[in-house]
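See below for the structure under consideration.
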Amino acid sequence: MDQKELQNLRQDYSAATLSEASTKDNPIKQFELWFHEAVASQQHEPNAMTLATATHDGRPSARIVLLKGFSNDGFTFYTNYLSRKGKEITKNPLGSLVFFWGELERQVRIEGTIEKLSKEESERYFKVRPKQSQLGAVASPQSQEIPDRTQLEKKMEELEAEYADKDVPKPSHWGGYVLKPRIIEFWQGRPSRLHDRIVYKKIDNKTWKKVRLAP
């Protein structure tokens, strides 16, 4: 593909509209509505989200993780505390999430502060994970350099034998985080790139203000 072909890749959006009047007063309720519609539309992994973090001096990184819960408290996900994102969160707790549901021509962007979940909450979730996922969390030194894949596969085999008939304990370096939102933006694609953007901003840590942004 040449540059001209790349530049001409575009799609006009016309699936729906979004207005101040049609959105709920609470952005978590609005997210819940959109999330359920994404699930119902059979999106591939509707809980997949881009998580952006940054180092203490502002060097950003982003990756796809899976949403595992949401409430008025925030949006939760789980990972290795010693991974790159875990280390960055420790130094700089500010983060951002992005959901993109292409078939619905929708995007949700969330900004806030990331905090660790309690050990008890992380353990409750770890216990309901598939056993192979539990073993994977123990086996993988996430984000660290390894000589080859054989090392991982050998470690998994050892763990499968060790825990064949017993529960896998949650490793101390693995657990959950919650992103507590201060800004939540709902984006609905519209024709001629005149997209609808409704943004909720948290005021005084309790009240949400809803505004429209130009596309």
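Odds and ends about this structure:
- Restricting attention to segment 132-148, the residues being modelled with pLDDT of 95 or more and more than 21 Å from Gly86 (Cβ to Cβ) number 1.
- Considering (1) of a type in the set (Lys, Arg); (2) within 20 Å of the chain's Cα centre (by Cα); (3) buried (at least 17 other Cβ atoms within 10 Å of the Cβ), the lone condition that Arg124 does not fulfil carries the number (3).
- Looking across segment 86-120 at every residue that is basic (Lys, Arg) and under 18 Å from Gly69 (Cβ atoms), the one that is surrounded by the most Cβ atoms within 10 Å (Cβ to Cβ) is identified as Lys116.
- For segment 102-136, a residue qualifies if it is under 26 Å from Met156 (Cβ atoms) and hydroxyl-bearing (Ser, Thr, Tyr), and the qualifying residues are Ser122, Tyr125, Ser133.
- Checking each residue in segment 161-215 for being out of contact with any strand residue (DSSP E or B) (no Cβ under 9 Å at 6 or more places or on another chain), under 30 Å from Pro130 (Cβ atoms) and not small (Gly, Ala, Ser) picks out Glu162, Tyr163, Asp165, Lys166, Asp167, Val168, Pro169, Lys170.
- Strands (runs of 3 or more DSSP E) contained in segment 100-212 and holding at least 3 residues more than 19 Å from Phe35 (Cα to Cα) and without any contact (Cβ under 8 Å) to a residue 40 or more places away in the chain: 196-203
- Residue that is surrounded by fewer than 18 Cβ atoms within 10 Å (Cβ to Cβ), touching a helix residue (DSSP H, G or I) at 6+ places or on another chain (Cβ under 9 Å) and among the small types (Gly, Ala, Ser), where the choices are Gly58, Gly69: Gly69
The values are calculated or read from the model by the stated rules, or taken from the named source; none is laboratory data. Everything quoted here is computed from the prediction, not taken from an experiment. All Cβ positions, glycine included, derive from the backbone under ideal geometry; neighbour counts span all protein chains shown.
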